[in-house]
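The structure is given below, and queries will be raised subsequently.
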Amino acid sequence: MSLKLGFYRHFKGGQYEVIDIARHSETCDSYVVYRACYGDHGLWIRPLEMFVESIIREGKTMKRFEFQGSNVDDLSSN
């Protein structure tokens with residue numbers, strides 16, 4: 001499974017920059033490495049399959065993270 005590097009919006013509204021995909025040294029599971037574009041700009045990881053999954057909220061199916069663009073200039077148009 002692949003993922004575009006760049007900027008994503010979480011379904012709750014926060015903006016994040018996906019930095020890379022990393023693999024766990026023991027299990028080889030893939031994790032998304034991403035940074036918040038707000039607050040203390042914390043660095044996070046999440047299993048790749050969870051990052052790209054669709055969720056159901058209030059009866060609507062939506063992506064957990066929605067791709068916004070490959071560079072910061074793309075964010076102003078979304």
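No value in this document is a laboratory result; all are computed from the given coordinates. Values in this document were obtained by computation on a predicted structure and should not be read as measured data. Cβ atoms come from the backbone with ideal geometry, glycine included; neighbour counts cover every protein chain shown.
Which longest uninterrupted range of the chain lacks any GluC sites (Glu not before Pro) assigned by DSSP to a loop state (not H, G, I, E or B) and surrounded by at most 10 other Cβ atoms within 10 Å?
Segment 27-57 is the longest.
Using a 7 Å offset from the Cα along the Cα-to-Cβ direction at both residue 11 and residue 56, what is the distance between the two label points in nm, to one decimal?
A separation of 1.1 nm, rounded to one decimal place.
Tell me the label-point distance for the pair residue 46, residue 26, using the 7 Å Cα-to-Cβ offset, in nm and rounded to one decimal.
Using points 7 Å along Cα→Cβ, the separation is 2.4 nm.
Please go through the stretch 18-65 and write out the chymotrypsin sites (Phe, Trp or Tyr not before Pro) that DSSP classes as loop and that have at most 15 other C-beta atoms within 10 Å.
Counting only loop positions with at most 15 other Cβ atoms within 10 Å, the chymotrypsin sites (Phe, Trp or Tyr not before Pro) in the stretch 18-65 are 38.
Identify the trypsin sites (Lys or Arg not before Pro) of the chain meeting these criteria: DSSP loop state and at most 16 other C-beta atoms within 10 Å of the C-beta.
4, 12, 64
Still on this structure: Given the DSSP H assignment, sum -39500 (n - 2.57) over each helix run of at least 4 residues in the chain and divide by its residue total; what's the result at 222 nm in deg cm²/dmol, nearest 500?
-1000 deg cm²/dmol
Extent of the stretch 6-71 along each principal axis, from alpha carbon coordinates, in Å, largest to smallest?
38, 25, 21
With +1 on the Cβ of every Lys and Arg and -1 on the Cβ of every Asp and Glu, and nothing else charged, how large is the dipole of the chain about its Cα centre, in debye rounded to the nearest 20?
240 debye
Checking the cross-link filter: which lysines have an alpha carbon closer than 19 Å to that of residue 4, excluding same-chain neighbours under 8 positions apart?
The qualifying lysines are 63.
Taking the Cβ of each residue in 70, 54 as the centre, tally the other Cβ atoms inside 10 Å and list the residues starting with the fewest.
54, 70
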